[in-house]
Amino acid sequence: MSTIVNGAGKVVDFVDQRITASNWLKRNIRKVFPDHWSFLLGEIALFSFILILLSGVFLTFWFKPSMAHIAYEGAYVPMRGVGMSEAYASTLELSFEVRGGLLMRQVHHWGALVFLAAMSAHMLRIFFTGAFRKPREINWLIGVTLLVLGVAAGFTGYSLPDDLLSGTGLRIIEGGMLAIPIVGTYLSSFLFGGEYPGDDIVARLYPLHILLIPGLIIALVTAHLMILWYQKHTHWGGPGKTNHNVAGAPFFPIYVAKAGGFQFIVMGVIVLLAATIQINPVWLWGPYDPSVVSAGTQPDWYVGFLDGALRVMPPWEFYIFDRPITMSVLIPAVILPGLILTPLALYPWLEQKATGDTREHHVLDRPRNVPVRTGIGVAFIVFYILLWIAGGNDFFATILEIPVNWITWSIRIGIFALPPLAFWLTKRICLGLERRDRDKVMHGRETGIVMVSPDGEFSELHAPLSQADAYQLTWHERQLPSDPGPATDANGIPNPNYRAKRVQAKLSRFYFGDVVQKPTREEVEAAHHNGHHDAVEAGHRDEITSGQQ
Amino acid sequence: MPRSLPGRPRGSWIGRLLSTRRRHPLAAIAVLVALMFTCGGAYAALAPSTSQNVQAASSTQIDEGRQLFAVGCASCHGLNGEGQINDDGEVLGPSLIGVGAASVDFQVGTGRMPLAAPSAQAERKPPAYDQDQIDALAAFVASLAPGPDIPDAEYLDTSAGDVARGGELFRTNCSQCHNTTGQGGALTNGQFAPALTGVEPRHIYEAMLTGPQAMPVFTDETITPEEKRDIIAFLESVQDEPDPGGLGIGRAGPVAEGLWAWLVGIGLLIGMATWIVTRSSKA
């Protein structure tokens, strides 16, 4: 045993004398990471991505990215003799003849769905907790880019097997490109190597799917993690947790063990899904044929919102110089993604503008304490889910046995009516929760003990919070709307920045005007003083209830 | 069992019975019953088979059909199948002259007719008539004017069909509404293409031939009887095919898969993440 340890020591010493890593390691190996379930969403994305890479490599061994037309002679009898591309035939081969091929295909596809879902969930977590605030704006941008790249990776992969669904998806992409004025037809020609569908598209998407996009994702994930490492992870506030420290477990050995274990769990869950639930059975869809668009054609979930926008957009087309401008395609397929992505990418700066807050933040916000941001987030989720439902309007019409036109019209109206409603409702709920927190801090916890006074008045006893519990509700900062100041100074000289400041103050009022502030020290003391006689009368009861806790 | 003693001839009890009981009060009745069974059995065995007598039988069948039609169908389709249109132009029941036996066999045989209630589209339900009555109704409607007939058994024998060709034909002609494996789909304003799972080959054939409701007609010139048989063979093959990848989740494609990825995939993983952080030394 000791010889092994000595041997290992010698190897480590050899390496250390040459690259002198021990100093760097000593500093970094004890790096502290905070613990919360929501901090693991990004890890789900990372681990599913690793699994996608591994299963993807397996698939490349057999997949043929070629649109050469052949007659199928493989193992799947119901397709024997059917004309198809080599890409589709090799996908069938992977599914039916390669040992473990179908499992790997399903691991790859389920992994992709989970990868994108995990990225989205991670992003929502970052948004709702304000983890994108200074100094993490760059990582937010990288994250948005990663999400777009993830969608691109998913879509190019969806298009490779050259089955009926993938071909139809590409047809929609072509339609979107053609709708772009002036350059649309050229773009489409470049991509497809001439008229759609041509013979090139699968061979062109293949290097994008297996080389360029994953390469970019790996590079950006690396940057994402390095920045995270350098800036340190955010944490929730609480006793001993401040803007100047990170409270948690050291990277080695605790965090490594946990993350390592979680990696196996993530991969295990995805493989379990893949082994038990069939996904994208291309042999049932059939080979791609441009003349065929089947019912029930949908994209994978992450493109569903765009398909949904296309489906509910009313027809609208006009001519400029005898050239058609097809707004019914241009708006949902080209303008809408831009309208969603631009504010999403710029949100940290937009919020900074509104709040005027340029300080660094390392402690997260509880979503209820920033009601407007939380409201905006929920409104966006509602908007997205509505478009998502629209993307499966025929599916839901069939399942629910209602006319598809009802769904379309409900969404056309709902897409404008429901997000503002969701915003208002969420903001109200947040304010209500804040008000409850404030009441708790000032008057304590409800005990459930109702007293009748000699006058016949009923009142409930409140037990004061412990100091730790009260701190949990009050560690966040007070957020007051900014004040534009006077328009003119004491000498009557107008402030040149007044106009800009007033706009900023308006935005700030929008964000923080309604926020229920946590009580001040004086307010808490006053409240405790007012409730004093109650506390004296019920003093012993308080002790009992707090003792039971 | 010591019921019949050894050495005693077995048939003798009948002879004894006949001789001792021949004056029994019920003997004459027994003889009469025996004679009736003999004659009836002989007639059934010796009478010419039904196939040679179709024409003769169908006149009574048509009459029977006419009576059934007058009771069950005429309120909308008119006493002679001429159809009824209200004064405001609303079609109460379309004319059935020339729709043929195939149409009746499909509509009544799948329970779509008689309608339960006016709606965007007639629903498939348990048929209200038995097969003899449906045949009678079909014979009556077919007697109004020539139309597509009930398909021959040879085109319904799916074991002779070419599944691969059927699949191609199905994807080209049918999948636009019925989905790639006949799962069905939504059409406009509450109409829908029904799922084709569990539908009898004869009814699928008749639907192609007659184009019920929103469905187009595929005549024998558009899709030959052999091709129709191939399509039915494909549908049967796909229906019976197991799902090699695990649970089929309705073979409904990406919407169902996305729901599973979110609800089960991410749901389970978030549960796991929560579990992992509960096993934590409080820092």
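A short reminder: the numbers here are calculations on the coordinates, not readings from a lab. The structure presented is a predicted model; accordingly, all values stated were derived computationally and were not measured. Ideal geometry is used to build each Cβ from the backbone, glycine not excepted, and the neighbour counts take in all protein chains shown.
A few notes on this one:
- DSSP bridge pairs, the protein assembly as shown: antiparallel proportion in percent, nearest 5: 90
- Treating r as the C-beta distance of B:T224 and A:V77 and R0 as 22 Å, the FRET efficiency rounds to 0.45.
- An oblate overall shape is assigned to region B:99-222, the ratio a/c of its alpha-carbon gyration tensor axes (a ≥ b ≥ c) being 1.5 or greater and a/b not exceeding b/c.
- The GluC sites (Glu not before Pro) of region A:73-131 meeting both criteria, a DSSP state outside H, G, I, E and B (loop) and at most 12 other C-beta atoms within 10 angstrom of the site's C-beta, are A:E73.
- Under-5 Å amide H pairs with B:L92, H placed in peptide plane, nonlocal only: B:Q84, B:I85, B:N86
- Axis of helix A:521-530 versus longest Cα principal axis of chain A: the two differ by about 60°, to the nearest ten degrees.
- C-alpha center-to-center spacing [region B:99-167, region A:9-50] in angstrom: 71
- Max mean-square fluctuation residue, GNM over chain B, Cα-Cα springs under 10 Å, options B:Y43, B:Y205, B:Y155: B:Y43
- Taken residue by residue and averaged, Cβ atoms of other chains lying within 10 Å of the Cβ of A:299-308 number 3.
- For chain B: rounded, prolate or oblate by the Cα gyration tensor [a/c cutoff 1.5]: oblate
- The angle between the Cα long axis of helix A:539-548 and the main principal axis of chain A comes to about 30°, on a 0 to 90 degree scale.
- Cα gyration tensor, chain A - rounded (a/c under 1.5), prolate or oblate: prolate
- For the segment A:393-406, counting C-beta atoms of other chains within 10 Å of every residue's C-beta and taking the mean gives 5.
- Reach of A:K440 by Cα under 17 Å, taken over lysines that are not fewer than 8 positions away in the same chain: A:K518
- Gaussian network model of chain B, Cα within-10 Å springs - most flexible of B:D243, B:D157, B:D230: B:D243
- Shielding by partners, peptide B:158-165 (average Cβ within 10 angstrom, other chains): 2
- Within straight-line reach of A:K501, meaning a Cα separation under 16 Å, sit the following aspartates and glutamates at least 8 residues removed in sequence or on another chain: A:E351, A:D357, A:D483, A:D489.
- Stokes-Einstein D in µm²/s, Kirkwood radius over Cα pairs - region B:55-144 at 25 °C with 0.890 mPa s viscosity: 186
- Degrees, to the nearest 10: A:2-19 long Cα axis against longest axis of chain A: 90
- Cα→Cβ-extended label distance, 7 Å offset, between A:R502 and A:T488, nm: 1.4
- Reachable lysines from A:K26, criterion Cα separation under 25 angstrom, eight or more residues apart if same chain: A:K10, A:K232, A:K241, A:K258, B:K282
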